Structure formats: C-alpha cells, structure tokens
Amino acid sequence: MLAPWPLATVLLFPTKTMRLVFLGPPGSGKSTQAQAGAARWQIPSISTGDLLRDAIATQSDLGKQAQTHVEAGELVPDTLMVGLMRESFGSPATQNGWILDGFPRNLAQTQALDTLLQIMGQLYGQVVYFETPEDLLIERMLKRGRQDDSEDLIRQRLQIYNDQTTPLIDFYRRRQCLIEIDGSRPESEITDEIASALQPLVSV
Ligand code: AMP
C-alpha cells in the first residue's frame, strides 16, 4: 500500500532542523546575517544582545541586573545568560530550529549550551564564524552609533572578545562543525555564501 502523502513527502524531501550558532566579534555583521537566515529558513534568531537591551528598556529583573555590565561593555554573568537561554529555548517557536546570535561567548557558556541542548534532546548542527579584521569592526561600529559603541567601549568589547570568545573558534573547529565566512565582504555576498554553505544541510 502507498504511504499516505505526508509520510511520502517526508521520505522524498527529508529536511534537517537548522540549529545554528553565529560566532564572531561585535560589528562582524552576524546579527544582520542571523536575521537573513531566520527569514530564509523560517526559524527564530535569538539575539542575546537584543534580549538584554529589551530587558534593560523595560527594567525587568534581568534588565536591572544586566544593565551595568552592558553599559560598561562587559559580559553579563554566565548564570544570568544561561537562565535567559533556558527561557528562550522554552518557547515553542524554537522547536523547529533556531539561530543563536551572541551566545555562547565564552567556554563556560559553551558547556552550558551543550548541557541545555542535551537536556532538551537537541544538538546544534553548525557554527558559522565571521572572521573580520579589527579596523573594519571599529569603523562599522562607530557608524552604527549604538549607546555602547563609543570608541572606548568598542575597544573594551573587542578585548573581551579576543580574550574570552576566540577560544571557541578552535573548540568548534576541533568539533568539525565550524563554517568560516569572510565577514569583510559586502552584506549580500555573505548572505549568499552562508545560504550556499548551509543549503545542502537543509536536505539530507
Ligand atoms: P551584542 O549586541 O551581541 O554586541 O551584545 C551587547 C552586550 O550584551 C554585550 O557587550 C554584553 O554586555 C551583553 N551580552 C550579549 N550576549 C552576551 C553573552 N552571551 N554573555 C554575556 N554578555 C552578553
């Protein structure tokens, strides 16, 4: 007997759930690309920076605790960030995939993410790393003019990125799930490059 068509469809066009981490320095364009990917694959992009800025604007408990750290260009403590991620993954919208933009940012958060996903029975597929030269990052951030984009704070955030986040590049490279993208190219070219690098992974 023929399989009912939904099953036949699944067999003919199996799709893989996209679970992606976008990794890169501030100003590398990863948020813009996370939004483009979210629209393309119809999955939520979870931006910890945006969530924190919203929390600060509404002065929620998280916002009050995070504010001084964000304004000083420091990392918000891991316990707060892991709580925020746990809450984000609790949303039904994340069941069919997600893009993480801005998390994890250090090795402790990387381990916490592994644990969270293990508990949920999920695994991320790929980590997209936006390699971008520092002078271009500074130029882009100064143009962006966000409150934490003064030259001092930019340098502080880049320093923290270099110290705490760059070890993740090797960590994921060793795990063989790192896709390296040249973040200095024009936005539309990067969008195309990501789409073609990941498209084969959408269908298996
Ligand atoms: P972003 O918009 O990703 O550049 O984040 C803005 C600010 O939010 C950062 O400078 C940090 O203060 C804070 N932040 C965002 N994501 C994280 C994270 N994963 N861990 C700690 N702090 C974070």
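Coordinate-derived values only; no laboratory data. What you see is a predicted model; the values in this text were computed from it and never measured. Cβ atoms come from the backbone with ideal geometry, glycine included; neighbour counts cover every protein chain shown.
Below are the figures for this structure:
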item: Distance in nm between pseudo-label sites at Ser150 and Asp192 (7 Å out along the Cβ direction from Cα); result: 4.1 nm
item: Positive-pole candidate from Pro26, Gly37, Gln95, dipole of the chain, charges at beta carbon; result: Gln95
item: Long-range tail of P(r) for the chain (Cα pairs > 26 Å, %); result: 35 percent
item: Fewest-first ranking of Ser28, Ser150, Ser196, using other Cβ atoms within 10 Å as the exposure measure; result: Ser196, Ser150, Ser28
item: Label-to-label distance, nm, for residues given as Leu107 and Leu136 (7 Å Cα→Cβ offset); result: 2.9 nm
item: Crossing angle, helix 151-160 versus the chain [Cα axis fit, 0-90 degrees, rounded to tens]; result: 50 degrees
item: Between 0 and 90°, nearest 10: helix 78-89 axis offset from the chain longest Cα axis; result: 30 degrees
item: Check: the range 115-196 dipole with +1 on Lys, Arg Cβ and -1 on Asp, Glu Cβ, in debye; result: 360 debye
item: Angle between the chain longest axis and helix 61-71 axis [Cα atoms, degrees, rounded to 10]; result: 60 degrees
